[in-house]
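The values are calculated or read from the model by the stated rules, or taken from the named source; none is laboratory data. In this text the structure is predicted, and so the values were computed from the model without any measurement. Ideal geometry is used to build each Cβ from the backbone, glycine not excepted, and the neighbour counts take in all protein chains shown. The protein model used for the area step is the full one, side chains on, heavy atoms only, and it has no ligands, DNA or RNA in it. Shrake-Rupley method; radii C 1.70, N 1.55, O 1.52, S 1.80 Å.
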Amino acid sequence: MALNMGRTISIDPITRLEGHGKIDIFLDDHGEVERAYLQVPELRGFEKFAEGRPAEDMPQITSRICGVCPTAHHMASTKALDDLYKVEPPPAGRKIRELVYSVFYVEDHALHFFFLGGPDFVVGPGAPKAERNILGVLGKVGLEIGKEVIGLRKELRALMTLASGKPIHPVFGLPGGVAKALNSADQEKFISAAEHAVKFGQFALGIFNDVVLKNPKYVESILSDAYTHKTYYMGVVDAQNKVNFYDGDIRVTSPGGGEYMKFKAQDYLKHVAEHVEPWSYIKFCYLKDVGWNGFADGPHSGVYCVAPLARLNAADGMATPLAQKAYEQFFSTLGGKPVHHTPANHWARLIELLYAAERMRELANDPDIINPNVRTIPTEIPHEGVGVVEAPRGTLFHHYETDDRGVITKANLIVATQNNAARIAMSVDKAARGVIKNGNVDDGILNLVEMAFRAYDPCHGCATHALPGQMPLIISVYNQNHELLKEIRRDG
Amino acid sequence: MSILILGLGNELIADDAVGILTARHLRALLDGDIEVIESDLSGIALIELFAGHERAVVIDAIHTGQHTPGTIREFDSTDLGPVLSPSPHYSGLPEILALARQLEVDFPSEVRVFAVEAMDMTTIGGQISATVADVIPQLVDRIVLQVRDWQRQKIHA
């Protein structure tokens, strides 16, 4: 198959990346799906690497582990340090953190929708392969939107640099607050960018309304049984049970929709456990209180779900007016709470984008934001600290134990995709069963299976980057004797 | 003539450091209108790094399991087929190139990719393998030749 160097490269399995999207499908002797597995690699050695390092270095170190959501790791880590030193940031310190975090959310969610959800829901799942990408999306919604996304991203990145030191790997979070106050000139820039972001959020939801919701076929595919799982949902909520990305209690709602429990970050080990399977490196999180009952739906299975759809299901609403309206429309359109359809994540993500933009506007206009008192100096002797945030891809826990000098003796991270791992595995399996009949597998079918996990925006193992051009999704189909029948690669 | 040297990878993750370390060596060796960037970014975020440069070298680790660790492979961005990335974080170079062109972003006319076969890409805090570290001088030489060649072309143009 090696026709030239480029071709050779693109058909090589890139083991690290292969794991990001390697799906093994086993067929029975009738050519029906016996079981489909999504394989993921996991970065190893974090715990060992962290041991012996000063806890105060963790916000910088953990944000460097992952080039995809460094701000989420930085924030969870900084909050774990607050808890470690038992110190509460002053209002300005807390609000600057949440402001920066909201900026990060707008940027991340905007990118995700247009590049990732767009190909499925703007271009359409049945479109030819060559069009199911950002270029196809722009072809449909207009080039101006591409410029708008890139332009907004640039503006937001500049703000992140202003507030957090470096745009990629923020360095501003310290136990008890932040390193740098904002002045009124900075504030003006945040206010103006926030206005821009709110408009963008409304505009993006408008596109979703026009292109997706007005197309019955797309709505049907969101509601498809192949993409539906009735699980528990987890998300961080504020005191009014509204979605909050930066801080609050962790709320879990049941498959029926009611509150199942609510707990503090510090108690996560009492409620979240990890199940190990021989075929996967990833540990599958489940609710301890319910128990592990296999990869199953329903109230008797401890499988739960995080990320945008889960956050909307786990909360009673959004804390800002425009997002709240969109939240109400979401549930009324999709048949009430909770919504169990995985592809609805794309819509939920846009509602969250609008919320992040509105929250950014509120915080930017808050007089406290330019108060120079941005840090409370820690005085307690450290022992143990847990921090939680909602990363764009779901609930993220950082947990450190230290000696009296603040040197790490034990570290544990639960990343978003781990929380979601069991449900993602179920989604891939169910989608494969739903679309593969009589051993028939082609590119369109591959895309339908892929859609099942793409909606989660999985970010496995917090890997950092990929050689440009080297991101194959590999689907291997095996017969009843586990012999390879067919391999399809998503690499051009 | 503005040339970008982009070392991709993660210094904290074993052999994934090779692009970063190579870029660091090159920074000390090259002069002229050259920008050397070390980055762990990927996908669409790279557009901003490429923008404004006429030519670019990308250095990265890959793990195919089909070549001896330390094997250096070199190819042009046009050699890479189009990729529909399962995630925007992993958008391929061809996709980025096409997007940059459509959006009229000032993108390099030529991108040379140097890929080094790695052994360990998953151990946080892991050391770079000796077989991978050993090829850095050779890789540095090849990139210096490439860059000087571009610079000469520019002078004679």
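Of note:
- Residues of the stretch A:124-148 that lose at least 40 Å² of accessible area (1.4 Å probe, protein heavy atoms only) when the other protein chains are present, relative to their chain alone, are A:Leu135, A:Leu143, A:Lys147.
- Compared with the dominant principal axis of the Cα atoms in chain A, helix A:184-207 is inclined by about 20°.
- Fraction of accessible area attributable to carbon and sulfur, the protein assembly as shown (%, probe 1.4 Å): 52 percent
- Peptide A:45-51 is shielded by partner chain Cβ atoms: per residue, an average of 4 of them sit within 10 Å of its Cβ.
- Of A:Lys242/A:Lys430; A:Lys79/A:Lys264; A:Lys129/A:Lys486; A:Lys147/A:Lys217; A:Lys48/A:Lys79, those spanning more than 23 Å from alpha-carbon to alpha-carbon: A:Lys242/A:Lys430; A:Lys147/A:Lys217
- The B-A contact accounts for roughly 5100 square angstrom of buried accessible surface, both chains included, probe 1.4 angstrom.
- Taking chain A and dividing mean pair separation by its residue count, relative contact order in percent (alpha carbons under 8 Å, at least six apart): 28 percent
- As a rough guide to protection, the peptides A:363-371, A:53-61 ranked by mean Cβ packing within 10 Å, highest first, stand as A:53-61, A:363-371.
- Taking amide H as placed 1.01 Å from N in the peptide plane, the amide H of B:Thr71 sits under 5 Å from that of B:Glu117, each at least 5 places away or on another chain.
- In terms of its C-alpha gyration tensor, the stretch B:3-156 has an oblate overall shape, because the principal axis ratio a/c (a ≥ b ≥ c, square roots of the eigenvalues) is not below 1.5 and a/b does not outweigh b/c.
- Sequence ranges B:34-40, B:134-140, ranked by mean other-Cβ count within 10 angstrom, highest first: B:34-40, B:134-140
- Interchain or long-range residues, amide H under 5 Å from A:Thr231's placed H: A:Gly298
- Take the stretch B:3-156 with all the other protein chains still there, run a 1.4 Å probe, and you get 36 Å² of accessible area per residue.
- Note on B:100-107: average number of Cβ atoms from other chains within 10 Å of each residue's Cβ is 3.
- Simple rule: put +1 on each Lys or Arg Cβ and -1 on each Asp or Glu Cβ in the stretch B:3-156, find the dipole, and look at B:Leu99, B:Ile128, B:Ile3; the Cα lying farthest toward the positive end is B:Ile3.
- Packing around the peptides A:241-252, A:298-309, taken as the average count of other Cβ atoms within 10 Å per residue, puts them in this order, highest first: A:298-309, A:241-252.
- Computed across the protein assembly as shown, the Kirkwood radius stands at 25.1 Å (inverse of mean 1/r, all Cα pairs).
- Entry comment: accessible area of chain A is 34 Å² per residue, from protein heavy atoms only and a probe of 1.4 Å.
- Here the spin labels are modelled as points 7 Å beyond Cα on the Cα-Cβ line, and at A:Gln202 and A:Glu277 they lie 4.5 nm apart.
- In this structure, the residue pairs whose Cα-Cα separation is over 20 Å, taken from A:Lys154/A:Lys214; A:Lys140/A:Lys214; A:Lys86/A:Lys410, are A:Lys154/A:Lys214.
- Loop-located GluC sites (Glu not before Pro) in the stretch A:336-412 (DSSP state other than H, G, I, E, B) with a sparse environment of at most 11 neighbouring Cβ atoms within 10 Å: A:Glu380.
- With both labels modelled 7 Å from their Cα along Cα-to-Cβ, the A:Lys410 to A:Glu88 distance reads 2.8 nm.
- Of all DSSP bridge pairs formed entirely within chain A, close to 85 percent run antiparallel.
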